[in-house]
Amino acid sequence: MSTPWSTALATVRNTGFAMLVAGFVLATSTPASAHPHIWIDANAEMVFENGKLTAIKMHWVFDDLFSMTLIDEFDKNFDTRFFGDENTTLRDNAFVALGEVSWLAHLRKNEVLLPFTQTRDFTADITDDRRVTYDFTLVLDEPLDPVKDTISLSVYDAEYYIDIAFTQVDPIVFTGNSATSCHFEMSEDEKNRIYFDLVAPIRADLVCAAQHGDSGSSGGLAPGDMVRVE
């Protein structure tokens, strides 16, 4: 069975991204045998302009083991940072192909999926505890109005080879939303189950209302919004 991962592997063979997916395409197709191989902590910054959602800035932090793989492959001068050509090479070989799966971000407007087709401002770095981070901006094809429409964001790999999940602290923040008062509500997305219908991914629903005055930057967390799923 052809998957986005196998397509991406063929596209960027012998690169760092190939290392990301090589183990995945070798897994059998039975639910019992497949399991996550890479773990990512993610949070999202909802960027507003003129009352509309125009972009989403993502921050990923990889697990220790896969971070070590990326560092070994792309930190050519061994300074535990990705600068200049190192960052460009990592982007081109271990990030761009994720567009095949919309960079693991699933944005819905009134329950209709809006795949991402482009990103900007990619930067990779390495934390003091040697975990690789990705920062990038997902570009919306057109601005969205979360006051008028129901907007939700989920982060997941439908194949479940990557376990990507929102952070517990500040999973969603808002910037530029001076014309709206926004918060988010976390829940299990029972309508869009994944992995042989065994997993209900977590979704963040945006709840926004028009307002007067400047709300400034907001973490968007109201009491009771966060639903912790064990």
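The values are calculated or read from the model by the stated rules, or taken from the named source; none is laboratory data. Computed from a prediction, not measured in an experiment: that's the story for all the values here. A quick note on method: Cβ atoms are made from the backbone with ideal geometry, for glycine too, and the neighbour counts reach across all protein chains shown. To get the accessible areas, we keep the full protein, side chains included, count just its heavy atoms, and leave off ligands, DNA and RNA. Shrake-Rupley method; radii C 1.70, N 1.55, O 1.52, S 1.80 Å.
Under 13 Å between alpha carbons, and skipping anything fewer than 8 positions from Lys52 in its own chain: which aspartates and glutamates qualify?
Correct list for Lys52: Asp141, Glu142, Asp145, Asp149.
Using the basic label-point model (7 angstrom from Cα toward the beta carbon), what is the Asp121 to Thr175 distance in nanometres?
0.5
Tell me, what is the FRET efficiency for Gln168 and Asp92 to the nearest 0.05, using R0 = 35 angstrom and their Cβ-Cβ distance as r?
Given R0 = 35 Å and the Cβ-Cβ separation, E is 0.60.
What nm value, rounded to one decimal, do you get for the distance between Leu114 and Leu198 when each label is placed 7 Å out toward the C-beta?
Computed distance between label sites Leu114 and Leu198 equals 3.3 nm.
Hey, which lysines would be in cross-link range of Lys76, C-alpha to C-alpha under 30 Å, not counting anything within fewer than 8 residues on its own chain?
Within reach: Lys57.
Taking 0.36 nm per intervening residue step and subtracting the Cα-Cα distance, what contour gain separates Glu49 from Thr69 on full extension?
3.4 nm
Tally up the carbon and sulfur contribution to the accessible surface of the stretch 74-148 as a whole percent, 1.4 Å probe, everything protein left in place.
After summing per-atom areas, the C and S share lands at 48 percent.
Would you mind getting me the FRET efficiency between Val139 and Lys191? Use the beta-carbon distance for r and R0 = 22 Å, nearest 0.05.
Given R0 = 22 Å and the Cβ-Cβ separation, E is 0.30.
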